[in-house]
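Let me begin by presenting the structure, written as structure tokens, before commenting on it.
Nothing in this text is a laboratory measurement; each read-out follows from the coordinates by a stated rule. All values derive from a computational prediction rather than experimental measurement. Here the Cβ positions follow ideal geometry from the backbone for every residue, glycine too, while neighbour counts run over all protein chains shown.
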Amino acid sequence: MADKYTQLVNQGLGKNVAKRLGLPQPALLRRYNPGQPLISGPVVIQGDSAAADKLGAELLSWDLDIRRHAVPGEKLGAIILVLDEVERPEDLGRTVLGAAASLRDLAPSGRVLTVSRPAAEAGSPAVAAARQGIDGLLRSLAKELRAGATGNGILLADGVDIMSPSALGAVRFFLSGRSAFVDGQFLKISDAGGTLPQDAGTPLAGKIAVVTGAARGIGAQIARTLHRDGATLVVVDLPAAGDHLAAVANEVKGTALQLDITRADAGQRIIDHAVQRHGRLDIVIHNAGITRDKLLANMDPARWDSVININIAAQLRINETLLASEHFSQSPRIVTVASTSGIAGNRGQTNYAASKGGVMGMVRATAPLLAEAGGTINAVAPGFIETEMTARIPLALRETARRLNSLKQGGQPADVAETIAFLASDSAGGISGEVLRVCGQNLVGA
Ligand code: NAD
């Protein structure tokens, strides 16, 4: 689904007219393209902790152009603020103000990245204040960036080193075009688990992955992205969507499983299908979901129940079967699709928000259960994504909804898919129980 306005204001006449009338001018975002450089332009690393030095040395080995001091006027690919050792709010100024002037030199679709530690794990009020301050400052800074540039933060749990696989995996994800529509967010690295891929171009090589709701929209794109990253696919959707599902299966050289995920035996059918063909299952992406919007005052049981059943109850049942299966036990990965509606709430979506809030609660509580097998479970929470689901929103409301974020545009299904592919990879093995929003930093709500 194209956002024609964004295309229009990025070329010739449209660009001039939008500028003269003061209309929003959303940027064309830099998106991941295999084979292209991770990021173009120098990366400035600010901060004086040991982690800053170690990260600088590591990024040099990725063939990036690393600077500890910016040269004014030189276009920068990224600015990384390493703040993992701050002990008081007064400590923030030196590093943050040291980078301030460089912000003007950030290239279009450039990146600002903070590296810090969770406030909740701080041992004193001053440390907690300094750490929580980074949260406020990064979210504000992300709203000041322009031309498709984004700001995000990595939180290293206490005891986790910047050189741990998932910390480096997250740095790569945030610098790359894979994170184009992730803005103003923090991602916590809980432990030193995970392994970096041998080939950064095919991080899912050898993995067997199931995607539900894959006949169209975001699910079809997730299947394409996991296939591009090296996974072998089983795509699942309703029998009524069989033709579209078969087309996606052909495209990704995978197999199709026609299945209503609300069936009591859905989890077993998924495992049986994967085991018969591939001997095991490594990755499950719970993407299938529906909306049945009504104000709560007008809500009927059919609308309420179908949304709860498909969006969350089915996932709980399937996960129970997966967790009990010996065929889903080698560093398994579950990634599920929540929604910013489940965080900020949305008028007319009490049923949907209850189901998506439920997804996030489930993820946090399931993480320790999967940890025993070296597994992880995480959620992505998309904001406004250009799909058939959002194309049905009335025009005026749709136009408002897609512009009300820091990037002034809706995301593409690929943006959700890229984030899911990262969380499903071995390099995200130290990330579990997290919810990562892919919303361009929604300006309304949470
Ligand atoms: P979509 O309606 O285009 O696709 C959903 C797919 O799920 C369809 O192919 C449908 O047949 C399938 N499905 C529905 N019920 C099923 C069932 N019982 N068993 C098996 N398959 C079933 O939706 P989309 O926009 O691609 O959304 C995908 C996911 O992303 C959903 O979970 C949705 O809630 C979530 N999401 C979407 C947006 C957005 O802006 N589009 C925003 C936030 C979250």
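For Val210, enumerate residues with amide H under 5 Å from its amide H, sequence gap 5+ or separate chain, H modeled in the peptide plane.
When sequence neighbours closer than 5 places are left aside, the close amide H contacts are Val234, Ile283, Val284, Ile285.
Tell me the GluC sites (Glu not before Pro) within segment 61-162 that lie in a loop according to DSSP and have at most 14 other beta-carbon atoms within 10 Å.
Numbers: sites: Glu74, Glu85, Glu87, Glu90, Glu121, Glu144; in loops: Glu74, Glu85, Glu87.
Of the GluC sites (Glu not before Pro), the ones in loops of segment 61-162 whose Cβ has at most 14 other Cβ atoms within 10 Å are Glu74, Glu87.
Using the Kirkwood formula over every pair of different C-alpha atoms, what hydrodynamic radius in Å results for segment 355-436? Write out the running numbers ahead of the final one.
On the way: mean 1/r = 0.0696 Å⁻¹.
One decimal place: 14.4 Å for the Kirkwood radius.
I need the phi-derived Karplus couplings for segment 127-142: 6.51 cos²θ - 1.76 cosθ + 1.60, θ = phi - 60°, integer Hz, Gly and Pro marked x.
For segment 127-142, the Karplus-derived couplings read 5, 4, 5, 4, 5, 5, x, 4, 4, x, 5, 5, 5, 6, 4, 4 Hz, x marking Gly and Pro.
Can you give the direction-averaged projected area of the convex hull of the alpha-carbon atoms in the chain, in nm²?
Numbers: hull surface 87.1 nm².
Averaging across all directions leaves 21.8 nm² for the Cα convex hull.
Across the chain, how many lysine pairs separated by 8 or more positions, or lying on different chains, have Cα atoms within less than 25 Å?
Summing the qualifying lysine pairs gives 21.
What shape does segment 288-390 have by the C-alpha gyration tensor, where a ≥ b ≥ c are the square roots of the eigenvalues, rounded means a/c under 1.5, and otherwise prolate means a/b greater than b/c and oblate the rest?
Working: a/c = 2.52, a/b = 1.98, b/c = 1.27.
Judged from the Cα gyration tensor, segment 288-390 comes out prolate (a/c at least 1.5, a/b above b/c).
Counting only trypsin sites (Lys or Arg not before Pro) that sit in a DSSP loop (anything but H, G, I, E, B) with at most 11 other Cβ atoms within 10 Å, what is the longest stretch of the chain containing none of them?
Working: sites that count: Lys253, Arg347, Arg392.
Answer - 1-252.
Out of every Cα pair in segment 85-166, what percent are spaced more than 15 Å from each other? List each step's numbers first, then the result.
Working: 1975 of 3321 pairs.
In whole percent, the share of Cα-Cα pairs in segment 85-166 beyond 15 Å is 59.
In whole angstrom, note down how far apart the Cα centers of segment 152-227 and segment 229-252 are.
Distance between centres, Cα-based: 22 Å.
Could you put Glu320, Glu388, Glu434 in order, starting from the residue whose Cβ has the fewest other Cβ atoms within 10 Å? Before the final figure, lay out each step's value.
On the way: Glu320 13, Glu388 10, Glu434 22.
Ranking Glu320, Glu388, Glu434 by Cβ neighbours within 10 Å, fewest first, gives Glu388, Glu320, Glu434.
I need the semi-axes of the equivalent ellipsoid of segment 38-189: take the C-alpha gyration tensor, multiply each eigenvalue by 5, square-root it, list largest first in whole angstrom.
Numbers: eigenvalues 98, 54, 44 Å².
They are 22, 17, 15 Å, listed largest first.
Give me the three principal axis extents of segment 208-438 from the C-alpha atoms, as integers in angstrom, largest value leading.
Principal-axis extents of the Cα atoms in segment 208-438, largest first: 49, 35, 34 Å.
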